[in-house]
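**Student:** Supplied in structure tokens, the structure appears directly below.
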């Protein structure tokens, strides 16, 4: 696939939706302070009940789930003697697809231990035994994070460093048996120059045949955010694109990771960066159909705010929220920007969810609700707050798919994804034509004929065996 980098450094204006109309409930504790509060992460089950995982200072990992009127007593996840790396800026991670749940963590000491994962198929009531993700060998592995594809299989990305520290990279390991075993990892931070930032975790977003690794690079002291691109379900990554338009060169390692979602054919991502030393939350948009990227501060300058950090993003349909922590007047705040339709941008104004002393936060969206958890250093526990928003009607048609456009003179394009049933193309006038599909080699790569199609721009819809619909854009020359 031919990707080029066109970075447009323009301010991402907030829309004229007006102030955020979120109905917030009172905050309360997820668990008692005896369970710790490090690096909370939140996801939802099939019924949009929040599930939270976090760690404590002793390397223990805990899981709990909303039970209707509060959270259940925390369940310890790592077995005795298996202690996890936990801190404010990195720790265990969680992913869910319906009632399928995955928890991943790195055992310590990092240079001698492995990455482990557990799964649950009943929304966290019962978890499996721990399974190993990485392979033993001459590498040190760190900072695992996890996501799933539409079938519920997990993808785990982590940092991989040779024992002689000759160069760090990010890799992705995937499973096809629901997290029981993993294929050998594949390099994902490719063609970005230099090494990856050794103290900043990465994240991965999956949709259709698209796998997008979001990571911070380190090129001669520049620590900008990049996206590693896969068009075959994260089996391999063929290129990387720089999302961050700043020349961010902090004096100290930032230890701050990116986050993102895919809506339609667009990747929306958020991260901390800056043209100066103090951090600012940025928002980036990257079309998966066209090589265009736009990046700018999410909020712009806010009076009294000296720094922003640790942004996290979540989406549900068109709705999207970004949560982060910031320092204002000597205090910390957990803040959130929200939009009911991310394709039109974010609402004017932000919500201050909590104030006090907090470091890290996370967000999930589902069922017309926004769920936020954060690491409270005053109460020494994980805090939780729920907000209700107006839910936009309509369905996002299973986000995106990446296609290989035709080379000059070709009368077809290709799609690297199995299970495709049909494909339609709609021209700029709204006329829709079903295109012929053939499988010349195997069921994982198909060719879509462009015979009798006039030159121009087309909207592409791909239909698979499970009834899912994917979207892309195509230029026929």
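Laboratory data are not the source of any read-out in this text; all were calculated from the coordinates shown. Everything quoted here is computed from the prediction, not taken from an experiment. Using ideal geometry, Cβ is built from the backbone for each residue, glycine included, and neighbour counts are taken over all protein chains shown.
**Student:** State the label only: which of (1) 36, 25, 19; (2) 44, 25, 20; (3) 34, 26, 23 corresponds to semi-axes √(5λ) of the Cα gyration tensor in Å computed from the shown model?
**Tutor:** The value matching this structure is (3).
**Student:** Can you sort 318, 470, 268, 439 by how many other beta carbons sit within 10 Å, fewest first?
**Tutor:** If I rank by nearby Cβ atoms, fewest first, I get 439, 318, 268, 470.
**Student:** Given an 8 Å cut-off on Cα distances and at least 6 residues of separation, report the relative contact order of region 7-388 as a percent.
**Tutor:** Relative contact order comes out at 16 percent.
**Student:** Continuing with the same structure: Share of Cα-Cα pairs in region 70-172 beyond 24 Å, in percent?
**Tutor:** Considering region 70-172, 24 percent of its Cα-Cα pairs are separated by more than 24 Å.
**Student:** Shifting gears a bit: Which ordering of 39, 28 is given by a fewest-first count of other beta-carbon atoms within 10 Å?
**Tutor:** 28, 39
**Student:** Something else now. Could you line up 444, 375 from fewest to most neighbouring Cβ atoms inside 10 Å?
**Tutor:** 444, 375
**Student:** Ok, one more. Ranked from highest to lowest mean number of other Cβ atoms within 10 Å per residue, what is the order of the peptides 126-134, 152-160, 104-112?
**Tutor:** With the highest mean Cβ count within 10 Å placed first, the list reads 152-160, 104-112, 126-134.
**Student:** Under Stokes-Einstein, with the Kirkwood radius over Cα pairs standing in for Rh, what whole-number D in µm²/s applies to region 404-476 at 20 °C and 1.002 mPa s?
**Tutor:** Answer from the Stokes-Einstein relation: 172 µm²/s.
**Student:** Using alpha carbon centroids, what distance separates region 404-424 and region 196-252, in Å?
**Tutor:** Region 404-424 and region 196-252 have Cα centres spaced 27 Å from each other.
**Student:** With a 10 Å radius around each residue's Cβ, average the other Cβ atoms per peptide and rank 198-211, 166-179, highest first.
**Tutor:** Packing proxy ranking, top to bottom: 198-211, 166-179.
**Student:** Follow-up question, since we're still on this one. What ranking do 446-453, 297-304 get when scored by the average of other Cβ atoms within 10 Å per residue, highest first?
**Tutor:** Going by the mean number of other Cβ atoms within 10 Å, highest first, we get 446-453, 297-304.
**Student:** Can you tell me what the convex hull of the Cα atoms of region 302-435 projects to on average, as an area in nm²?
**Tutor:** So the Cα hull casts an average projection of 12.9 nm².
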